[in-house]
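Asks: Input: one structure, supplied below.
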Amino acid sequence: MKNTILALALATAGLAVVPAAFAQDAAQGNAQQGWYVGANAGYAQVQKGPYDNGNFAGGVKGGYRFALNPDTSLGAEVGYVYLGRADARGLYTQNYANYNGDNGKSKLQGATAGLNLRYSFSPNWYGEVRGGAFFAKGSGLTNDKTNPEMVNFNSTRYYAGLGAGYNINKNISVGLNWDYYDGSQSDKNIHLPTNLYSVSAEYRF
């Protein structure tokens, strides 16, 4: 937990420095520059070991984006994502002691800190790729068919994703996204790799 708080503090401090470092005026064209906040919601799916299903998921984020050239922007952002719960299946449930249909569910969430690269195809349409650190916090059955156990874990992993969207005006945009979150801790034999399919909204100040 201390490592997570320290990492988020450093990331936040970095965001505070960005505007000064890139304060010089650039011919922005369609590129975006400035502070922003966003939220997304959708379906998160786990396909590994005891799990092959998903549930509702969503997250929030905020950061600063600056123009690299007239059509490309780079953003530094921090956020938090909740990736839902998945039901266990098959032999894992049969061999898990005292399984009652609910106590084998997984759970995954965590803070994020990363970068996003956005390209504006026109004043309205954009594409984006992103990635960074995922400070995973979760629980679930171990990947052991013969003797699965329920474990809790905290680990620093990664996330990556891409999306496309539409700028309604200079301040508001909506988008469609796919993101991958590597929620796992190998020394505990717990693996919850999660694909998140979501819709998003962003507000730029």
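Asks: When the chain is modelled as a GNM with alpha-carbon springs shorter than 10 Å, which of 189, 116, 177 fluctuates the most?
Replies: 189
Asks: Could I ask something else about it? About the Cα centre of the chain, how large is the charge dipole given +1 on each Lys and Arg Cβ and -1 on each Asp and Glu Cβ? Please answer in debye to the nearest 20.
Replies: Working: 16 positive and 13 negative charges, 44 e Å.
The calculation lands at about 220 debye.
Asks: Next question, about the same structure. Mind telling me which of 151, 174, 78 comes out most flexible in a GNM of the chain, alpha-carbon contacts under 10 Å?
Replies: Between 151, 174, 78, it is 151 that shows the largest mean-square fluctuation.
Asks: How much length is gained if the chain between residue 197 and residue 60 is pulled fully straight, taking 0.36 nm per residue apart and subtracting their Cα-Cα distance, in nm to one decimal?
Replies: 47.9 nm
Asks: Once R0 is set to 35 Å, what does the formula 1/(1 + (r/R0)^6) return for the Cβ-Cβ distance between residue 125 and residue 189, expressed as a FRET efficiency to the nearest 0.05?
Replies: 0.20
Asks: Now for a separate question. Nearest 500 deg cm²/dmol is fine: what mean residue ellipticity at 222 nm does the chain get from its DSSP H runs of n ≥ 4 alone, each adding -39,500 (n - 2.57), divided by its residue count?
Replies: The helix contribution divided over the chain gives -4000 deg cm²/dmol.
Asks: Please name which of 141, 98, 192 has its Cα lying farthest along the dipole of the chain towards the positive end, using unit charges on Cβ (Lys, Arg +1; Asp, Glu -1) and the Cα centre as origin.
Replies: 98
Asks: Suppose the chain between residue 144 and residue 176 were pulled fully straight at 0.36 nm per residue; how much longer would it get relative to their current alpha carbon spacing?
Replies: 8.0 nm
Asks: Would you list which aspartates and glutamates come within 14 Å of residue 188, measuring only between C-alpha atoms, while excluding same-chain residues fewer than 8 positions from it?
Replies: Correct list for residue 188: 144, 149.
Asks: Using only the Cα atoms, what convex hull volume per residue in Å³ does segment 87-205 have? Write out the running numbers ahead of the final one.
Replies: Working: hull volume 13.3 nm³, N = 119.
Roughly 111 Å³ of hull volume per residue.
Asks: Also, I was wondering about something else. Given the Cα-Cα distance of residue 43 and residue 154 and 0.36 nm per residue of separation, how much length would full extension add, in nm?
Replies: Using 0.36 nm per residue and subtracting the Cα-Cα distance, I get 37.7 nm.
Asks: I'd like the per residue volume of the convex hull spanned by the Cα atoms of the chain, given in cubic angstrom.
Replies: Working: hull volume 20.5 nm³, N = 205.
Residue-normalised Cα hull volume stands at 100 Å³.
Asks: What net charge is computed for the residues neighbouring residue 36, neighbours being all others with C-beta under 15 Å from the C-beta of residue 36, Lys and Arg scored +1, Asp and Glu -1? Walk me through the intermediate numbers first.
Replies: Values: positive: 61, 65, 118, 130, 170, 204; negative: 77, 128, 202.
Computed value for this residue: +3.
Rule-based calculations on the coordinates, nothing more; no lab input. Everything quoted here is computed from the prediction, not taken from an experiment. Because the Cβ atoms are built from the backbone with ideal geometry, glycine has one as well, and the counts that use them run over all protein chains shown.
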